[in-house]
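Beneath this line is the structure, given in structure tokens, with notes to follow.
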Amino acid sequence: MSAPKTVLITGASGNLGRMLARELSARGYRLRLTDIKAFPEDLPAGAKFITAELGDEADMLRIADDCFAILHLGGVSVDRPFEEVLDPNIRGLYHIYEAARRAGARVLFASSNHAIGFHSRPGEGEPKLDAPGSFRPDSFYGLSKAYGELMGRLYWDKHGVENLNLRIGSCFPEPVDARMLSTWLSFDDLARLAAAFLEAPRIGHAVVWGASNNPASFWGVDHRDRIGWQPQDTAEAFRDKVGQIFSGNPVAERYQGGSYCANDYSRKGFSPRDAFSLED
Ligand code: 15L
């Protein structure tokens, strides 16, 4: 039997990192976990934890040494001011890709719907947004995710570092509002995607929408066939519970990124009725 592959998970102490550590440990992977915060529970079998900052290049190169894959969940994961995003998400991302290049590792980048958040939500019968569509970041956080995806483009084209950019919608135990009937990604679907990513023979540079099998999804085609992933859960099961929970903000309700679009919004003249003039 061949030796287990070593997988590095950054941002391992967060909700998604802990869940993936448990799931991948159960699937027999040897895990290296890192975060700036201590791992808040018992380490799963076969896992080693190292406290480190993404902004520290030497640490990142050392931690990723010999890894087969990096699941990069680390960094700022919500809408924050530019200065807070800069070091972990911009400089840190470069360290992750340099580490992957030197280790010969593939990268699963936890991108976000906020890289495209200023696309309008499709109405009934209107076309959904396809993955090759344009970036329309809704925040400095979303902008850092667009940069991360383009970093993956560069490292594949120039260095052959394979990468999958998962544009996560809303990955929580359950949807909590009407928007998440479109954007929800279940923990189980994410775990199945991570396993498929690790097993796929060839990925290249791929972009996949991180949402469960939601009929109300905003999103269309992507590269999921490259890893043979099909989500099995659906937000529709929660429609009765959350289908009437709206933000009350017209900017948030118009765009895919929701409240991230409305935060700090200062464009003059917005009214839901003239929204079409805002497309360009
Ligand atoms: C994200 O990118 C965030 O990490 C998460 O906290 C949610 O805000 C999610 O997007 C979302 O759009 O629902």
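What the Kirkwood sum gives for the chain is a hydrodynamic radius of 19.2 Å, with every pair of different alpha carbons counted.
Which GluC sites (Glu not before Pro) in the range 93-166 pass both tests, a DSSP loop state and at most 10 other beta-carbon atoms within 10 Å? If you can, show how the numbers build up before the last one.
On the way: sites: 98, 124, 149, 162; in loops: 124, 162.
Qualifying residues, ordered by number: 124.
Summed over qualifying helices (DSSP H, 4 residues or more, each -39500 (n - 2.57)) and divided by its residue number, the chain shows a 222 nm mean residue ellipticity of -8500 deg cm²/dmol. Summing +1 for each Lys or Arg and -1 for each Asp or Glu among the other residues whose beta-carbon sits under 12 angstrom from that of residue 242 gives -1. If the cut-off is a Cα-Cα distance under 24 Å, which lysines reach residue 145, setting aside same-chain residues fewer than 8 apart in sequence? Hits, sequence-local ones excluded: 37, 128, 158.
Computed over the chain, relative contact order equals 16 percent, with contacts defined as Cα pairs under 8 Å that lie 6+ residues apart.
Is the range 69-134 best put as rounded, prolate or oblate by its Cα gyration tensor, with a ≥ b ≥ c the root eigenvalues, rounded for a/c under 1.5, and otherwise prolate when a/b is larger than b/c, oblate when not?
Numbers: a/c = 3.41, a/b = 1.66, b/c = 2.06.
Because a/c hits 1.5 or more and a/b fails to exceed b/c, the range 69-134 counts as oblate.
The mean sequence separation of alpha-carbon pairs under 8 Å and at least six residues apart, normalised by the residue count of the range 196-260, gives a relative contact order of 28 percent. Each Cα pair under 8 Å and six or more residues apart adds its separation to the average, and for the range 12-130 the resulting relative contact order is 22 percent. One chain, two ends: residue 247 and residue 84. Fully extended at 0.36 nm per residue, the span grows by 56.1 nm beyond their Cα-Cα distance.
Could you give the length gained on full extension between residue 65 and residue 150, defined as 0.36 nm per residue of separation minus the Cα-Cα distance, in nm?
Working: separation 85, 0.36 × 85 = 30.60 nm, distance 2.33 nm.
In short, 28.3 nm is gained.
Read the figures in this text as sums done on the coordinates, not as results from a lab. Owing to the predicted nature of the structure, the values given are computational and were not obtained by experimental measurement. Backbone-built Cβ (ideal geometry, glycine too); neighbour counts: all protein chains shown.
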